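All remarks here apply to the structure that follows.
The values are calculated or read from the model by the stated rules, or taken from the named source; none is laboratory data. Only a predicted model underlies this, so the values are computations on that prediction, with no experimental measurement involved. Cβ atoms come from the backbone with ideal geometry, glycine included; neighbour counts cover every protein chain shown. Surface accessibility is based on the protein's heavy atoms, side chains included, excluding ligands, DNA and RNA. Shrake-Rupley method; radii C 1.70, N 1.55, O 1.52, S 1.80 Å.
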Amino acid sequence: MDKPAEILSCDRVELRRWRTADLAELARATAESLEHLIPWMPWAASHDRQQTAEFLARNQVEWQSGEGFGYAITAASAVVGSCGLVRRIGPGGLEIGYWLHPRWTGQGLATMAAGALVREAFALAGTERVEIHHDAANPASGAVARRLGLTEVSRAPAPEGPEAPGETGIRVIWRMTAEQWASGAGGS
């Protein structure tokens, strides 16, 4: 199975594959970001160091199986967030997820990181589409998708309803196809 590069660079960010040795740095970044994450990330409300260790271990298994490819977002030599490509939207599709430490938001870093993931996703054999999913109450995630040239394709009630306190339960799905990417819609 085709796998992405373990290190991706884009302007002011470098993405590097998560390692189990990143526990202290990820635990710190997550703990400092909880107020920012709790409204949007269901896992954030119960975050602890053990959960972070399990996340890092799961990342190793998912990378080997090809089900997911998790990266540390780094800037100025520090872990400033997390992102990844996940195979949970069906054959030929990869979903992008991301979050940033609040001190690093508003600088275009999420867009840079997600852009690196889009490029890498379409370099993988068999990728037909890339998607970003977010709750309608989180317009910042939609802005990242829009800046990257993804198209909003769906806005509908999430089957599971709201999962985090800031959510409305309306899932917004943005998509870019391999054909759109090849035609230059993704800034290639």
*Can you check what the net charge comes to around P162, using other residues whose Cβ is under 14 Å from the Cβ of P162 (Lys, Arg +1; Asp, Glu -1)?*
-3
*How big is the charge dipole of the chain about its Cα centre, in debye rounded to the nearest 20, if each Lys and Arg gets +1 on its Cβ and each Asp and Glu gets -1 on its Cβ?*
300
*What value, in deg cm²/dmol to 500, does the helix sum -39500 (n - 2.57) over DSSP H runs of n ≥ 4 give at 222 nm once divided by the residues of the chain?*
-10000 deg cm²/dmol
*Please report, as a whole percent, how much of the solvent-accessible surface of region 1-55 comes from carbon and sulfur atoms (probe radius 1.4 Å).*
53
*Multiply the residue gap between Q107 and A182 by 0.36 nm, knock off their C-alpha separation, and tell me the result in nm, one decimal place.*
24.3 nm
*Just need the relative contact order of region 51-188 here, percent rounded to a whole number, with Cα pairs under 8 Å and 6+ apart.*
17
_Over region 136-188, relative contact order from alpha-carbon pairs under 8 Å, at least 6 apart, %_ = 39
*Quick one, could you list the DSSP H helices from the chain stretching 18 Å or more along their long axis (Cα atoms) with average Kyte-Doolittle hydropathy of -0.5 or above?*
23-37, 109-123
*Taking a probe of 1.4 Å, how large is the accessible area per residue of the chain, in Å²?*
47
*Among S77, I96, V130, whose Cα lies farthest out toward the positive end of the dipole of region 67-188, if unit charges sit on the beta carbon of Lys, Arg (+1) and Asp, Glu (-1)?*
S77
*Hey, got the dipole for region 82-185? About the Cα centre, +1 on K and R Cβ, -1 on D and E Cβ, debye to the nearest 20?*
220
*Among 9-16, 152-159, what's the highest-first ranking by average C-beta atoms within 10 angstrom per residue?*
9-16, 152-159
_Cα gyration tensor shape of region 41-103, rounded if a/c is under 1.5, else prolate or oblate by comparing a/b with b/c_ = prolate
